[in-house]
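Read-outs throughout are calculated quantities, based only on the coordinates presented, and are distinct from any laboratory measurement. Only a predicted model underlies this, so the values are computations on that prediction, with no experimental measurement involved. Neighbour counts run over all protein chains shown; Cβ positions are idealised from the backbone, glycine included.
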Amino acid sequence: MSENKDQKFVYDFTEGNRDLKDLLGGKGANLAEMTNLGLPVPPGFTITTEACKVYLDSGEAPADLREEVSAHLAALEAKMGKKLGQSDDPLLVSVRSGAKFSMPGMMDTVLNIGLSDESVAGLATQAGNERFAWDSYRRLIQMFGKTVLDVDGELFEEALDEAKAAKKVTVDTDLDAADLKKLVTRFKKIVAKQAGREFPQDAREQLDLAVEAVFNSWNTDRAKLYRRQERIPSDLGTAVNICSMVFGNLGPDSGTGVAFTRDPATGHAGVYGDYLQNAQGEDVVAGIRNTVPLADLETIDKVSYDQLMTIMTTLENHYKDLCDIEFTIERGQLWMLQTRVGKRTAGAAFRIATQLVDQGLIDEAEALQRVNGAQLAQLMFPRFDESAGGKGGPTLLGRGIAASPGAAVGKAVFDSYTAVKWSRSGEKVILIRRETNPDDLDGMIASEGILTSRGGKTSHAAVVARGMGKTCVCGAEDLEVDTKRRRMTVGGTVVEEGDVVSIDGSTGKVYLGEVPVVPSPVVEYFEGRMHAGADDADELVAAVHRIMAYADRVRRLRVRANADNAEDALRARRFGAQGIGLCRTEHMFLGERRELVERLILADTDDEREEALSALLPLQKKDFVELFEAMDGLPVTVRLLDPPLHEFLPDITELSVRVALAESRKDANENDLRLLQAVHKLHEQNPMLGLRGVRLGLVIPGLFKMQVRAIAEAAAERKNAKGDPRAEIMVPLVGTVQELEIVRDEADTVIAEVEAATGTDLKLTIGTMIELPRAALTAGQIAEAAQFFSFGTNDLTQTVWGFSRDDVEASFFTAYLEKGIFGVSPFETIDRDGVGTLVRSAVEAGRATRPDLKLGVCGEHGGDPESVHFFHEVGLDYVSCSPFRIPVARLEAGRAAAESKGSDSR
Ligand code: PEP
Ligand code: MG
């Protein structure tokens, strides 16, 4: 980054506004906004992110920065009528980092800059309060030592605890000026020893060092990792806010607090927040002393309370959203220190969005931007009924990280082997480990949920559980897991193998005993078992109903379901599916029908093969009739058989053992011998890249023809029964147009035969999946033979990355996530740069060949919020996902449309 001559690196709070977050960071932009709204913000200025960028690039602050800071400081001093660090009446300032996005790992605030051995006396005189001055000074040394000079913060805490213990008091306010004076001496010694330098006495040096420390904190390991994981660009830099100090620790008529403009849990109007008398900044959140509810401020200081309420209304009307606020009262004078749009629970997000529409503050399009699919998904999990408790009921054991949502109950097991064994005998189990590794995979599959005492959201347990859709709580550090003795201890409680535990993957809570599970009201609503207008419908359901209606009204993408039986299809329809985007036909070859598949594979002659196929035909047809009936009037895309045939044969090891044993008894079964031969013949090193998809259809005579006939006959039957079947035939794993042409020509012949025989015009369309890189790269040619494309982004991701999903998620994805190579698994969210580029170019090439080509996606990304936005952008016609994710896809499709309309008109 080069310096531009006229570039301005410092903005007074009066010069900025909330739209300047890139330049002034979130905190700085909002302080400026409040200043310009005429709210009581202590005067100050912001050093821009551009200055930070120069510093990070060159290792030095911009040449003009010092002078600019001096000019703004002089103006501030003039306004305040005192100079920074002035010995008889010091101006003190705070220094706070503030990037565009708030980020863990960035530098904490340093308060009271400007105090020194000399000016502390001036402050004491001015404030008429010696204790206050020394308390402020010890805080400065403590914060400065820790955050600017990298001294271990524990050392200060220990010294403070010792001072309290020596005086036999428990709270810091019981230390008097003399105690604090001694503590200052002690703190200075700690700094000198640990930092190898004296605590700086020059106020400007304190300020400059603190600013530099903020710049440097951009590159702490924690901040870097967080940015990589959250895909926040690493070159944004942070701003630095320098704000004149106001004091909440000047006595009982002073204090500090945090507040929300409405209840962040429900959105209801009211007074929500905490207040702490005679305290400064971080005391409120640090939990050093007990805070009082904000409502109590009305009795403590009615004037400030009334003013705060008015300000909160102003802020909410101005930001048109729930805001959270930090404030300080200095001797009866209220000061606003920070505001931002506040965090909220998933349920509150929906409620607040509709409340704001009703208040006329936002419109429907904006309401859609106030919620998201992840929140809706959260609301769709069953929950624990926490009101169930009492004596003998479940007890809360502790809390970990909510790693994969859901509510799971089962018997505690401490190793994978037991998990598998118990679950085979019908027990529900929760696998509890210190942390999991690939050896635990079978146990994880067998369990209802997974609980670990170590690791975060990217740990093996978390990643694999999310991939499997299993409930997981990880990193519950209070649990001492002893796998050898098969037990865990929490506090004084011992949980033995076999004891029932309940884990909540949405809140991270862990219980001993069975917590009853209640269904989600939102799911009850989607299922049609609860009506949004009904008397017993809760506010949340009503809000979800309204937001879904907005989304459906604006969305362009249609939403279909991946479903392969009538039951799933009907549920999908209730959830709002506008068709089936993927009916996998493989389950139709399992169970009792497996034997027919074996006969097909073992057939030596055409007749034998035909016989096996003819036996399968009516069964397949019946499946399709049911499906077309369930989805009457809506499109149903049926995919011809995809997985390698050996998946329908017995396991190679089991069969080998069976044959070997039989041979040793000399009663080998002819069929088993032939089966074993076939299994050997079909065995592949890399089945994912082997004989599957269209390749099967091309080498197993009659297989695809039988499936096409079953589809056509089922459609004809429905038509003759006055139904409206809309079947689409989809060919999997095509790599080149020639493959598709052969299958299509055969299919056309079969369809014509069925139409002639049944006197129907079936209007069946034939298309293909685009799930191999070569298919995407030659999409223009493939479109000549396809009436539609459906992107199979599961296989496309596997083949573009060269990842075998079944193997890599459990083996090295944790390492990749932890190293920040990707922030989220590419199987969860579409990899825009790689896989996405192929999708985009295939869309363009396909439409260039055939302008009316219908385009959809049926990989799991079809139900992923961020991916839905991508599919909207590239112009697909629909997304298809599992029935349960349909509401999420509908919502996100609406959000994507509202967002792009907004940006078009801008
Ligand atoms: C895909 O590959 O994206 C797809 C939908 O097919 P399957 O997951 O069945 O391989
Ligand atoms: Mg596939």
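Observations, loosely collected:
- Restricting attention to the chain, close to 65% of DSSP beta bridges with both partner residues there are antiparallel.
- Loop trypsin sites (Lys or Arg not before Pro), the range 172-270 (other Cβ atoms within 10 Å of the site Cβ: 13 or fewer; DSSP): ARG197, ARG231
- The range 149-216 and the range 782-796: distance between their alpha carbon centers, rounded to Å: 66 Å
- FRET efficiency for HIS531 and ILE742, using Cβ-Cβ distance with R0 set to 41 Å, rounded to 0.05: 0.20
- Gain on full stretching of the segment that runs from LYS819 to ASN219 - 0.36 nm per residue minus C-alpha separation: 214.5 nm
- Only Lys, Arg (+1) and Asp, Glu (-1) charged, at Cβ; the range 383-518 dipole about Cα centre in debye: 100 debye
- For the range 255-344, a simple Cβ point-charge model (Lys and Arg +1, Asp and Glu -1, everything else neutral) yields a dipole of about 200 debye relative to the Cα centre.
- Filtered GluC sites (Glu not before Pro), the range 53-133: DSSP coil and at most 15 other beta carbons within 10 Å: GLU60, GLU118
- Taking the range 463-480 and a reference point 7 angstrom along Cα→Cβ of ARG434, the backbone N atoms nearer than 17 Å belong to 474-480.
- For the pair the range 105-123 and the range 567-596, the centres of their Cα atoms are 68 angstrom apart.
- Rounded to the nearest whole Hz, the Karplus-based 3J(HN,Hα) values (6.51 cos²θ - 1.76 cosθ + 1.60, θ = phi - 60°) of the range 492-499 follow the sequence x, 8, 10, 10, 9, 3, x, 5, with x at glycine and proline.
- With the charge dipole of the chain set up from +1 on Lys and Arg Cβ and -1 on Asp and Glu Cβ about the Cα centre, the Cα lying farthest toward the positive end among the listed residues GLY255, LEU379, VAL657 is that of GLY255.
- LYS484/THR507 FRET efficiency (R0 41 Å; Cβ-Cβ; nearest 0.05): 0.85
- Ranking of SER94, SER867, SER102 by neighbouring Cβ atoms within 10 Å, starting from the fewest: SER102, SER94, SER867.
- This ranking places ILE729, ILE751, ILE886 by how few other beta-carbon atoms lie within 10 Å of each, fewest first, which gives ILE751, ILE729, ILE886.
- Long-range HN-HN contacts of ILE830 with modeled amide H, under 5 Å: SER867
- Net dipole in debye of the chain [+1 Lys, Arg Cβ; -1 Asp, Glu Cβ; about Cα centre; nearest 20]: 420 debye
- Over the chain: helical MRE at 222 nm, DSSP H runs n ≥ 4 each giving -39500 (n - 2.57), nearest 500: -14000 deg cm²/dmol
- Debye equation applied to the C-alpha atoms of the chain, log10 I(q)/I(0) at 0.05 Å⁻¹: -0.39
- The range 383-518: C-alpha gyration tensor shape, a/c 1.5 cut-off, then a/b vs b/c: rounded
- For ALA727, residues with placed amide H under 5 Å, excluding near neighbours: VAL636
- Of the two radii for the range 255-344, the radius of gyration is 0.93 times the Kirkwood radius, both from the alpha carbons; that is the Rg over Rh value.
- Fraction of C-alpha pairs exceeding 16 angstrom in the range 545-644: 63 percent, rounded to a whole number.
- Residue order, fewest to most surrounding Cβ atoms within 10 angstrom, among GLU50, GLU592: GLU592, GLU50
- Applied to the range 516-529, the Karplus parametrisation 6.51 cos²θ - 1.76 cosθ + 1.60 on θ = phi - 60° returns per-residue 3J(HN,Hα) values of x, 9, 10, x, 6, x, 5, 5, 4, 5, 5, 6, x, 8 Hz, with x for Gly and Pro.
- Taking the alpha carbon gyration tensor of the range 454-561, multiplying each eigenvalue by 5 and rooting it gives semi-axes of 39, 19, 11 Å, largest first.
- Shape of the range 752-840, Cα gyration tensor, a/c cut at 1.5: prolate
- Dipole of the chain, positive direction: furthest Cα of LEU777, LEU676, PRO200, with charges on the beta-carbon: PRO200
- Nitroxide proxy distance, nm - points 7 Å out along Cα→Cβ at ALA848 and ALA195: 6.3 nm
- You can think of it this way: the chain between LEU619 and ASP117 has 171.6 nm of extra reach, that is 0.36 nm per residue less the Cα-Cα gap.
- Under the Karplus curve 6.51 cos²θ - 1.76 cosθ + 1.60, θ = phi - 60°, whole-Hz ³J(HN,Hα) for the range 728-735, x wherever Gly or Pro sits: 10, 9, 10, 9, x, 6, 6, x
- Loop-resident sites, the range 754-800, for GluC sites (Glu not before Pro), counting at most 16 other Cβ within 10 Å (DSSP): none
- Amide H contacts of ARG383 (H built 1.01 Å from N, under 5 Å, at least 5 apart or other chain): VAL518, SER520
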